[in-house]
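These notes are about the structure you will find just below.
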Amino acid sequence: YEIYLDGLQGVVPRFPMLFEGWESAAEAALPPSVWSYVAGGAGDEHTQRANVAAFLRHALVPRMFVGAAQRDLSVSMFGLTLPTPLLMAPVGVLGLCAQDGHGDLAAARAAARTGVPMIASTLSADPMEQVAAEFGQTPGFFQLYTPTDRDLAASLVQRAEQAGFQGIVVTLDTWVTGWRPRDLSTANFPQLRGHCLTNYTSDPVFRAALPKPPEEDMAPTVMHWAGVFGNPLTWDDLPWLRSLTTLPLIVKGLCHPDDVRRARDGGVDGIYCSNHGGRQANGGLAALDALPGVVEAADGLPVIFDSGVRSGTDAVKALALGATAVAIGRPYLYGLAIGGVDGLVHVLRTLLAEADLLMAVDGYPTLADLTPDALRSVG
Ligand code: FNR
């Protein structure tokens with residue numbers, strides 16, 4: 001209610017109140033090549049736009065005489081009780097979006113301040129141990145880009161366990177980078193590289209046993225790194241991934257119900273329905289359109305959803321379609337770019353406040369009340 005009450009007293013917020021404002025302020029704040037990287041997607045970005053547009057095809061129906069004066073937005077999953085249904089999606093190169101280069105630490109501090117967990121990307125500038133040390137009382141998750149070397153993969157997971165992460169999210173849709181015209185036209189790779197390889201280069205297995213890239217020569221260096229983490233996993237790898245940890249294992253990038261059933265049978269603890277914000281493959285289904293089928297196939301396993309969430313209202317719609325929790329991608333990056341930890345906290349709190357107030361007005365006091373019946377298809 002703080003922002004709301006401030007508004008009633010004539011206090012204008014420090015940061016914009018809507019995604020469009022965060023987006024345009026971030027574009028102005030970031031160097032053009034970084035902006036292309038974070039805002040861009042695959043191909044002509046049709047899927048990226050479809051992710052956002054899909055929310056407009058679902059409309060909430062208000063319920064009356066509910067008396068939703070008290071709301072409870074808490075979520076239980078993986079043995080954790082989280083105060084809100086939001087998460088920060090894993091984002092590499094957060095360092096590039098922070099003025100001091102420590103965007104990973106900033107996101108971890110925002111997690112501590114808001115109770116919104118961060119899923120920390122493998123591709124961070126700050127090592128995972130330092131990131132986890134900033135979480136305070138808020139649990140955190142580690143996202144693994146599975147390297148081709150199995151000992152290195154095992155070492156990264158072990159480090160995450162020791163650092164206190166509460167779950168491992170394995171991203172499956174990015175063993176090769178998508179066709180991203182904006183990045184190709186700004187020749188982005190060399191700039192990004194220095195900001196996201198710390199977890200690999202600081203790893204004892206990498207340092208002791210793996211060949212080092214020929215830094216002086218760019219093309220072989222790029223190919224070297226592509227070989228380190230470009231691992232085209234197959235179903236045969238799932239038992240090995242499962243064996244790496246006793247922490248909850250969540251697989252990210254699943255959109256087809258058959259894949260969900262197979263992952264479930266393979267012993268994963270959670271499904272993460274996402275198309276990477278349209279950054280990987282163009283011409284695909286909007287992630288929101290995949291969600292109902294994923295939820296049904298998950299058959300009670302927690303389902304995290306992301307791709308296209310731009311407001312608290314969007315988050316409520318995804319929850320009504322069956323998501324257990326909703327992860328935020330670009331909006332929090334933009335908050336970080338425009339105001340560091342404060343900007344990021346502002347974005348998360350704005351999304352939460354909007355979702356909470358919407359649930360009050362529309363008469364859905366808890367997440368359990370938000371079923372598909374709360375929505376009608378329109379347009
Ligand atoms: C990502 N995403 C991502 N996912 C992941 O598993 N590991 C990663 O390192 C990254 N890195 C990354 C960088 C940038 C700049 C962006 C925008 C996204 C994908 C992310 O987790 C999430 O799936 C999308 O951001 C969700 O889409 P929206 O909400 O950004 O449209």
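The distance separating the Cα centre of the range 130-144 from that of the range 44-73 comes to 29 Å. Using θ = phi - 60° in the Karplus curve 6.51 cos²θ - 1.76 cosθ + 1.60, the 3J(HN,Hα) couplings for the range 343-354 round to x, 5, 4, 4, 4, 5, 5, 5, 4, 5, 5, 5 Hz; x is entered for Gly and Pro. Summarising the label geometry, the points placed 7 Å from Cα in the beta-carbon direction at Leu18 and Ala187 lie 3.9 nm from one another. Backbone N atoms of the range 47-66 closer than 15 Å to the 7 Å Cα→Cβ label point of Arg376 belong to residues 57-64. The length gained on full extension between Thr246 and Ala68, counted as 0.36 nm times the residue separation minus their Cα-Cα distance, comes to 60.2 nm. Computing FRET efficiency as 1/(1 + (r/R0)^6) for Met223 and Arg150, where r is the C-beta to C-beta distance and R0 is 25 Å, gives about 0.75. Phi angles of the range 18-35 translate, via the Karplus equation with coefficients 6.51, -1.76, 1.60 and θ = phi - 60°, into HN-Hα couplings of 10, 3, 4, x, 5, 5, 6, 5, 5, 4, 6, 7, 9, x, x, 6, 5, 4 Hz per residue; Gly and Pro are given as x.
The antiparallel fraction among DSSP beta bridges confined to the chain stands at about 20%. Charged neighbours of Leu210, selected by a Cβ distance under 11 Å, balance to -1 (K, R count +1; D, E count -1). The stretch between Asp6 and Ala133, if pulled fully straight at 0.36 nm per residue, gains 42.5 nm over its current Cα-Cα span.
Sorting Val38, Val361 from the fewest to the most surrounding beta carbons within 10 angstrom yields Val361, Val38. Placing unit charges on each Cβ (+1 for Lys and Arg, -1 for Asp and Glu) gives the chain a dipole about its Cα centre, and among Met118, Ala298, Ile168 the Cα reaching farthest toward its positive end belongs to Ala298. By the count of neighbouring beta-carbon atoms within 10 Å, fewest first, Tyr272, Tyr364 end up ordered Tyr364, Tyr272. Applying 0.36 nm per residue to the separation of Val361 and Thr313 and subtracting their alpha-carbon distance, the gain on full extension is 16.1 nm. Residue order for Ile168, Ile250, Ile3, fewest other beta carbons within 10 angstrom first, comes to Ile3, Ile168, Ile250. Under 5 Å between amide hydrogens, built in the peptide plane, is the criterion, and for Val75 it picks out Leu82, Thr84 among residues at least 5 positions away or on other chains. Helix 103-114 and the long axis of the chain differ in direction by around 30°, with both axes built from C-alpha atoms.
Taking amide H as placed 1.01 Å from N in the peptide plane, Gln166 has its amide H under 5 Å from the amide H of Gly140, Phe141, Phe142, each at least 5 places away in sequence or on another chain. Just to confirm my numbers, what's the Cα centroid distance between the range 307-363 and the range 245-260 in Å? Using only Cα atoms to place each centre, the spacing works out to 23 Å.
Using the Karplus relation 6.51 cos²θ - 1.76 cosθ + 1.60 with θ = phi - 60°, the per-residue 3J(HN,Hα) values for the range 283-293 come to x, x, 5, 4, 4, 4, 6, 7, 4, x, x Hz, with x marking Gly and Pro. Which one, Ser74, Ala29, Gly40, is farthest towards the positive end of the dipole of the range 20-100 when Lys and Arg carry +1 and Asp and Glu -1 on their Cβ? Most positive-ward Cα: Ser74. The charge dipole of the range 201-314, taken about its Cα centre with unit charges on the Cβ atoms of Lys, Arg (+1), Asp and Glu (-1) only, comes to about 120 debye. Just to check, using Stokes-Einstein with a Kirkwood Rh over alpha carbon pairs, what's the diffusion coefficient of the chain at 4 °C and 1.567 mPa s in µm²/s? For these conditions, the coefficient is 62 µm²/s. Rounded to the nearest 20 debye, the dipole size of the chain about its Cα centre is 240 debye, using +1 on the Cβ of Lys and Arg and -1 on the Cβ of Asp and Glu.
Only the coordinates and a few stated rules stand behind these numbers; no lab work does. This is a predicted model, so every value here is computed, not measured. Glycine also receives a Cβ, built like all others from the backbone with ideal geometry; neighbour counts cover every protein chain displayed.
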